[in-house]
1. Does segment 104-245 come out rounded, prolate or oblate, given a ≥ b ≥ c as the square roots of the eigenvalues of its C-alpha gyration tensor, rounded meaning a/c under 1.5 and, failing that, prolate meaning a/b above b/c?
2. Helix 295-306 versus the longest principal axis of the chain: what angle, 0 to 90°, nearest 10, using Cα atoms?
3. Report the gain in length on full extension from residue 411 to residue 201: 0.36 nm times residue separation, minus Cα-Cα distance, nm rounded to one decimal.
4. Kirkwood hydrodynamic radius, the chain, all distinct C-alpha pairs: what's the number in Å?
5. With everything on Cα atoms, drop me the angle between helix 262-279 and the longest principal axis of the chain, reported from 0 to 90° to the nearest 10.
6. When a footprinting reagent is the concern and you count Cβ atoms within 10 Å, what order do 367, 378, 40 take, fewest first?
7. Please say if segment 16-158 is rounded, prolate or oblate, where rounded means a/c under 1.5 for a ≥ b ≥ c the square roots of the C-alpha gyration tensor eigenvalues, and otherwise the choice is prolate for a/b larger than b/c and oblate otherwise?
8. Using a Förster radius of 45 Å, what is the FRET efficiency between residue 184 and residue 156 based on their Cβ-Cβ separation? Nearest 0.05, please.
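Please treat every number below as a calculation from the coordinates, not as lab data. Fair warning: this is a prediction, and the values are worked out from it, not measured in the lab. So basically every Cβ, Gly included, is an ideal-geometry build from the backbone, and we count neighbours across all protein chains shown.
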């Protein structure tokens with residue numbers, strides 16, 4: 001199964017890849033279905049189910065669905081145009097997607113949060129409907145937002161994992177064991193094997209320019225977060241903290257009294273900057289999700305700005321190695337908090353970041369697999385319990401700690417010879433089983449954990 005680096009890392013908007021980007025992408029796909037249909041449509045409706053219903057308002061799922069049905073997509077999102085489209089929907093009960101007639105849509109009546117009817121395919125389910133002039137449904141499609149901005153129809157999900165299409169790739173590993181065996185046989189690094197797969201599908205130029213853009217968006221997101229203060233939206237009155245922490249760290253730089261452990265604060269502040277931007281609806285890169293978007297950029301920024309001998313020439317290797325590990329986790333388990341808890345989001349992100357850092361610091365494929373396993377193992381069982389359904393508490397700090405764990409995991413792996421007791425494949429399978437057994441209260445429903453034990457109003 002081939003998952004491109006540009007599928008694992010997607011430029012989008014906050015606050016959630018599964019609850020914001022996913023519904024917007026699903027709506028865009030539904031509009032394409034409407035354009036290809038022989039029917040004449042006069043209106044649209046939507047119903048949100050499972051986690052999309054329970055935490056949809058906090059994750060801006062309602063807003064994303066409306067904007068998606070108005071023709072917006074995450075890659076080209078324009079804030080001013082989006083606000084105008086939302087105002088038109090609210091005031092005139094109309095949406096104006098390109099290539100279709102004006103569509104009737106009353107946000108109060110045509111967007112339903114169905115808390116009582118979960119869809120069977122995935123915790124993040126939605127039904128999109130198109131209606132004729134009489135208001136009868138003439139086109140209907142069930143979509144599932146399966147994490148990281150990935151969207152599948154009901155039929156695609158039922159078809160299973162064997163949906164990969166395209167030219168053959170030279171290194172089609174589906175497990176860490178296969179990945180290591182191919183590395184031993186070929187003599188190539190994980191990044192080189194992943195690079196060869198990417199080139200087979202998209203070419204050298206696409207890979208080079210695409211990875212450069214990914215890091216530019218990540219870096220810009222960090223920089224915005226480090227220079228912006230204020231209160232995050234959503235009603236919890238959570239203060240942005242990254243700017244103040246960063247200012248203090250800059251002030252202390254070079255002081256003899258600075259403790260060695262202050263480096264942890266640098267890692268944390270880079271991650272928190274990203275996740276504060278995400279919580280504010282800013283532009284981020286899924287890595288592999290929005291809720292975990294700060295871990296990997298923070299680790300890469302730590303490498304570039306704080307590790308002696310670091311080079312920007314290694315950024316592509318970092319991203320390719322991380323994407324290879326993320327693809328294994330997604331294919332064999334999950335990167336969705338609604339499906340497997342935060343172990344699937346921040347845990348996966350930490351494993352990816354640890355692998356990337358280990359690679360650019362000279363680790364062998366065995367070191368890299370070990371680093372990913374260490375990072376993931378020590379996130380097993382982590383719940384997804386956002387207070388009021390907002391990607392703020394505990395998500396922002398959790399990314400900071402995820403980055404620290406990623407760096408520690410890479411360092412520990414590099415101190416060894418690559419041999420270790422728990423294989424990465426076993427750890428991924430354990431994460432899958434743990435997610436399957438986890439109570440729904442702790443899987444992005446805001447029905448358990450901190451979400452019910454912390455006063456939020």
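1. Because a/c hits 1.5 or more and a/b fails to exceed b/c, segment 104-245 counts as oblate.
2. Roughly 40 degrees, rounded to the nearest 10.
3. The span from residue 411 to residue 201 would gain 72.3 nm if fully extended.
4. That comes to 22.2 Å for the chain.
5. 10 degrees
6. 40, 378, 367
7. The shape class here is rounded.
8. After rounding, the FRET efficiency stands at 0.80.
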